[in-house]
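Comments concern the structure below.
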Amino acid sequence: MIEISLHPDLQEYVPSFKIGCLQYESIAIDTPPKELKGRIELFQKTVELDLSEQPITYYEGVKEWRQVFKQIGVDPTRYRPSHEALFRRLKQGKGFPSSDSSAIMLNNFFSLYYQMPIGLYDLEQLQGSVEIRTGEETDEYEGLNGRMNHMKGKITNVDQNGAFGSPMVDSKRSGVSSNTKQILQLLYLRPSLSEDDTRTLTNNIGEMFQQVHGGHVETAVLSKQRPRIK
């Protein structure tokens with residue numbers, strides 16, 4: 001696995017902050033298999049039914065990540081975690097973002113099912129080691145949302161070329177396509193999960209993603225006890 005580190009400043013704000021790291025090699029991204037697409041559509045309808053009667057904060061993972069943003073000093077009503085944005089789309093009847101990518105569709109499903117932001121990055125577009133930290137004045141990138149995202153004070157992933165992602169929105173530079181063969185997937189884990197539960201969850205996601213895309217997967221969890229992997 002590439003070198004990934006978790007800056008201690010995040011754990012000053014959130015002592016139980018954790019990141020699940022998964023590296024996939026020799027994968028094949030295609031259109032979603034019919035069975036997978038059907039299961040995801042059924043799950044989507046279940047969420048839409050729940051949200052027709054409940055607020056988005058019905059989901060503990062939404063409340064938990066709003067609290068994480070507050071502890072870091074980010075207004076969660078102005079900058080929303082990506083999984084909350086997905087829940088909002090379903091509540092508004094917009095469905096999942098349109099995509100014919102098995103990787104993106106499955107990633108969105110994991111994000112809602114486990115109620116946490118998840119980033120998906122093309123490893124060939126990243127350079128050197130990766131660090132997760134709070135953003136600095138110069139950290140910014142063009143996002144998949146089509147806007148420039150200024151990351152000062154926000155949770156940010158950086159490589160030697162600068163910022164490339166966050167639990168809000170990822171960058172065009174690191175975006176995954178049908179030609180992607182190597183992926184770095186980062187799970188912005190719910191801080192309330194135990195160390196054992198985070199390892200189990202990370203491994204389970206790796207196995208399910210690999211079943212659809214083939215190849216090989218390595219997994220690890222960054223935490224206060226293990227802030228760096230090489």
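The values are calculated or read from the model by the stated rules, or taken from the named source; none is laboratory data. Given the structure is predicted, the values throughout are model-derived calculations rather than measurements. Cβ sites come from the backbone with ideal geometry, for glycine too, and all protein chains shown count toward neighbours. SASA here: full protein model, heavy atoms, side chains in, ligands and nucleic acids out. Shrake-Rupley method; radii C 1.70, N 1.55, O 1.52, S 1.80 Å.
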Flagged in region 127-149 as hydrophobic (A, V, I, L, M, F, W, C) and either in contact with a Pro (Cβ under 9 Å, 6 or more places away or on another chain) or modelled with pLDDT of 95 or more (or both), in numbering order, are Val130, Ile132, Met148
Picking from Gly61, Gly95, Gly73, which residue would you name as being at positive phi and within 19 Å of the chain's Cα centre (by Cα)?
-> Gly95
What is the residue count in region 65-77 for residues that are open to solvent by 40 Å² or more (accessible area, probe 1.4 Å) and at pLDDT 95 or above?
-> 6
All-but-one check, Arg88 against (1) at pLDDT below 95; (2) within 19 Å of Gly119 (Cα to Cα), failing number (1)
Region 81-99 residues that are within 16 Å of Leu42 (Cα to Cα) and of a type in the set (A, V, I, L, M, F, W, C), paired with ones that are modelled with pLDDT of 95 or more and not in a helix (DSSP H, G or I) (beta carbon under 7 Å, 6 or more apart) | Phe87/Tyr59
List the pairs whose first member sits in region 185-213 and is among the charged types (D, E, K, R), whose second member is in a helix (DSSP H, G or I), and whose Cβ atoms are under 9 Å apart, counting only residues at least 6 apart or on separate chains?
-> Arg190/Glu60; Arg190/Gly61; Arg190/Glu64; Arg190/Trp65; Arg190/Val68; Arg190/Thr198
In region 110-124, which residues are assigned to a strand (DSSP E or B) and closer than 17 Å to Lys172 by Cβ?
-> Gly119, Leu120, Tyr121, Asp122
Selection count where residues are under 13 Å from Ile19 (Cα atoms) and in contact with a helix residue (DSSP H, G or I) (Cβ under 9 Å, 6 or more places away or on another chain), scope region 121-169 | 5
Which numbered condition Lys18 fails, given (1) closer than 21 Å to Gly215 by Cβ; (2) touching a strand residue (DSSP E or B) at 6+ places or on another chain (Cβ under 7 Å); (3) basic (Lys, Arg) | (1)
Failed item in (1) modelled with pLDDT under 95; (2) open to solvent by 60 Å² or more (accessible area, probe 1.4 Å), with Lys152 passing the rest = (1)
Sort through Arg133, Arg147 and tell me the only one that's in contact (Cβ under 8 Å) with a residue 60 or more places away in the chain and either open to solvent by 30 Å² or more (accessible area, probe 1.4 Å) or among the basic types (Lys, Arg) (or both).
-> Arg133
Please determine, by comparing only the residues of region 1-59 that are assigned to a loop (DSSP other than H, G, I, E, B), in contact with a helix residue (DSSP H, G or I) (Cβ under 7 Å, 6 or more places away or on another chain) and among the hydroxyl-bearing types (Ser, Thr, Tyr), which one is least open to solvent (accessible area, probe 1.4 Å).
-> Tyr59
Name the residue, out of Ser177, Ser171, that is among the hydroxyl-bearing types (Ser, Thr, Tyr), in contact with a strand residue (DSSP E or B) (Cβ under 9 Å, 6 or more places away or on another chain), surrounded by fewer than 18 Cβ atoms within 10 Å (Cβ to Cβ) and over 26 Å from Lys63 (Cβ atoms).
-> Ser177
Which of the residues that make up region 125-180 are closer than 18 Å to Ile229 by Cβ, in contact with a Leu (Cβ under 9 Å, 6 or more places away or on another chain) and not in a strand (DSSP E or B)?
-> Leu126, Gln160
